[in-house]
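Here the structure is laid out as structure tokens; the discussion comes afterwards.
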Amino acid sequence: MARTNPVKFISEVRTEVGKVTWPTRREVTLTTIMVFLLATFAAVFFFLVDLLIRTGLTGVLTMFGS
């Protein structure tokens with residue numbers, strides 16, 4: 001494995017970081033809101049699916065149970 005000069009490495013890292021396109025405050029805010037909305041939607045969806053499956057199984061077990 002080739003060894004790299006630490007000073008050269010830091011210089012190259014600074015150059016690469018300068019090339020990064022950082023998101024604006026608006027982009028971060030909108031992305032955060034979208035994540036919360038989609039997480040909420042997924043939670044409600046899986047709650048409803050769970051409720052449907054539980055209700056169906058309870059009905060089947062009650063019908064064929066003792």
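Only the coordinates and a few stated rules stand behind these numbers; no lab work does. Since the structure is predicted, the reported quantities are computational estimates derived from the model, not experimental observations. Reconstructed Cβ throughout: ideal geometry from the backbone, glycine too, with neighbour counts over all protein chains shown.
Remarks
- Applying 1/(1 + (r/R0)^6) with r as the Cβ-Cβ distance of residue 37 and residue 4 and R0 = 35 angstrom yields a FRET efficiency of 0.20.
- Cα-based shape type of the chain, given that a ≥ b ≥ c are square roots of the gyration tensor eigenvalues and the cut on a/c is 1.5: oblate
- Each stretch of four or more DSSP H residues adds -39500 (n - 2.57); spread over every residue of the chain, this sum gives -29000 deg cm²/dmol at 222 nm.
- Fewest neighbouring Cβ atoms within 10 Å first, the residues 34, 63 line up as 63, 34.
- Using R0 = 22 Å, the C-beta based FRET efficiency linking residue 27 and residue 47 works out to 0.10.
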